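The values are calculated or read from the model by the stated rules, or taken from the named source; none is laboratory data. All values derive from a computational prediction rather than experimental measurement. In this analysis, Cβ positions are derived from the backbone assuming ideal geometry, glycine residues included, and neighbour counts consider all displayed protein chains. With ligands, DNA and RNA removed, areas are computed over all heavy atoms of the protein, side chains included. Shrake-Rupley method; radii C 1.70, N 1.55, O 1.52, S 1.80 Å.
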Amino acid sequence: NDQLKKDNIAIYEAAIQFDQFFIRVDVLNKNGNDVELIEVKAKSFNPIDTDFKYKRSKYIRPGWRPYLFDVAFQTWVTKQAFPDWNVTPYLMLADKTKVTTEEGLNQLFRIKPNEHDPERKECEYIGGDMELGEEILIKVDVSELVEQIWNGEAIPPDDKTKDDILDFGERAQKYAKHYKNDTKLETSIGVHCKDCEFKSNRKNGKKSGYEECWKSQVGGHFSEDEPHIFDLWDNRNKEDFIN
């Protein structure tokens with residue numbers, strides 16, 4: 001908090017709290033009340049041919065939504081905590097058009113298991129004092145996209161879930177309440193389940209949130225091991241079949 005009071009400062013992993021929300025901003029550059037909120041992502045980007053949105057519509061592509069909703073939430077919390085700040089959100093990405101000026105750059109880094117959680121990975125720099133060369137990252141202003149998310153215009157109307165219809169702040173408050181009370185958040189099933197991150201890994205013996213969710217809505221006979229509508233090749237009618 002003392003660091004955030006300074007006029008000119010760059011803070012890594014800046015901690016900001018508002019109400020029951022707490023975030024850690026990857027990089028926060030502060031110049032008076034003008035603030036750059038930078039979220040660093042391990043994803044590549046072509047500044048010449050940007051692909052945040054569909055070619056023929058205004059909606060944000062599914063592949064970018066997790067990254068942009070993340071920075072939209074962080075920006076929302078920051079503006080709630082510091083309403084006098086002029087916050088500009090950015091994504092820091094790998095620039096596809098850049099070429100590294102150092103040979104063997106990839107060999108200067110090693111991926112290893114996290115010592116506290118072996119299932120997670122972390123990156124270790126092992127290059128010593130060697131220069132990393134010219135920048136191969138790009139800082140992309142995503143203010144317009146963040147505003148679009150806040151206004152509920154990021155997802156096509158037909159693809160929206162019940163939560164997608166909610167006001168952004170209302171949705172955040174809803175999730176915070178469930179998290180604080182440790183109560184289950186019911187989610188309606190649909191085509192979005194195809195990329196569910198809570199499918200089980202039989203090797204680690206953990207429960208499957210995906211299977212639990214489907215069983216509660218279609219019946220206890222559901223099994224993640226059985227063939228599914230999602231397995232049908234080139235199926236354009238997944239939503240109709242699910243309904």
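Taking all protein chains as present, what is the carbon and sulfur share of the accessible area of the chain, in % to the nearest whole number, probe 1.4 Å?
Details: 7960 of 16640 Å².
C and S atoms contribute 48 percent here.
Looking only at the chain, where both bridge partners belong to it, what percent of the DSSP beta bridges are antiparallel (to the nearest 5)?
Antiparallel: roughly 75 percent of the beta bridges in the chain.
Can you bin every Cα-Cα distance in the stretch 2-52 into 10 Å intervals starting at zero and give me the percent of pairs per bin, rounded to whole numbers?
Whole-percent P(r) values from 0 Å outward: 22, 41, 25, 12, 0.
Take each of the peptides 11-18, 218-225, average the number of other beta-carbon atoms within 10 Å over its residues, and list them starting from the highest. Working shown, then result.
Working: 11-18: 14.6, 218-225: 10.5.
Packing order, densest peptide first, comes out as 11-18, 218-225.
If R0 is 25 Å, what FRET efficiency do you get for Leu108 and Glu13 from their C-beta distance, rounded to 0.05? Write out the running numbers ahead of the final one.
On the way: r = 22 Å, r/R0 = 0.89.
It comes to 0.65.
Enter the angle in degrees (range 0 to 90, nearest 10) between the Cα long axis of helix 65-81 and the first principal axis of the Cα atoms of the chain, meaning the one along which they spread out most.
60
Answer rounded, prolate or oblate for the stretch 103-142, using the Cα gyration tensor with square roots of eigenvalues a ≥ b ≥ c: rounded when a/c is under 1.5, else prolate when a/b is larger than b/c, else oblate.
Oblate, since a/c reaches 1.5 and b/c is not below a/b.
List the pair-distance distribution P(r) of the stretch 174-216, using every Cα-Cα distance, as the percent of pairs falling in each 10 Å bin from 0 up to the bin containing the longest distance, rounded to whole percents.
Going out from 0 Å in 10 Å bins, the stretch 174-216 shows 24, 45, 30, 1 percent.
Val218 label point, 7 Å along Cα→Cβ, cut-off 11 Å on backbone N: hits in the stretch 155-188?
none
If you fit an axis through the alpha-carbon atoms of helix 209-218 and take the longest principal axis of the Cα set of the chain, what angle between them do you get, 0 to 90°, nearest 10?
On a 0 to 90 degree scale, this one is about 30.
Of (1) 0.98; (2) 1.14; (3) 1.19, which one was derived for Cα Rg over 2.2 N^0.38 Å from the structure shown?
Computing Cα Rg over 2.2 N^0.38 Å and matching it to (1) 0.98; (2) 1.14; (3) 1.19 gives (3).
Once you have a ≥ b ≥ c as the square roots of the Cα gyration tensor eigenvalues for the stretch 104-243, tell me rounded if a/c is under 1.5, and otherwise prolate or oblate according to whether a/b is larger than b/c.
Note, shape of the stretch 104-243 comes out prolate.
Excluding ligands, DNA and RNA, what is the solvent-accessible area per residue of the stretch 134-174 at a probe of 1.4 Å, expressed in Å²?
That works out to 60 Å² for each residue.
Going 7 Å from the Cα of Lys162 along its beta-carbon direction, which residues of the stretch 192-226 have the amide nitrogen within less than 18 Å of the resulting point?
Counting only backbone N, you get 192-193, 210, 212-219.
How much length is gained if the chain between Thr187 and Glu170 is pulled fully straight, taking 0.36 nm per residue apart and subtracting their Cα-Cα distance, in nm to one decimal?
4.5 nm
From Cα pairs below 8 angstrom and at least 6 apart in sequence, can you work out the relative contact order of the chain, rounded to a whole percent?
Details: 301 pairs, mean separation 32.3, N = 243.
Relative contact order, the chain: 13 percent.
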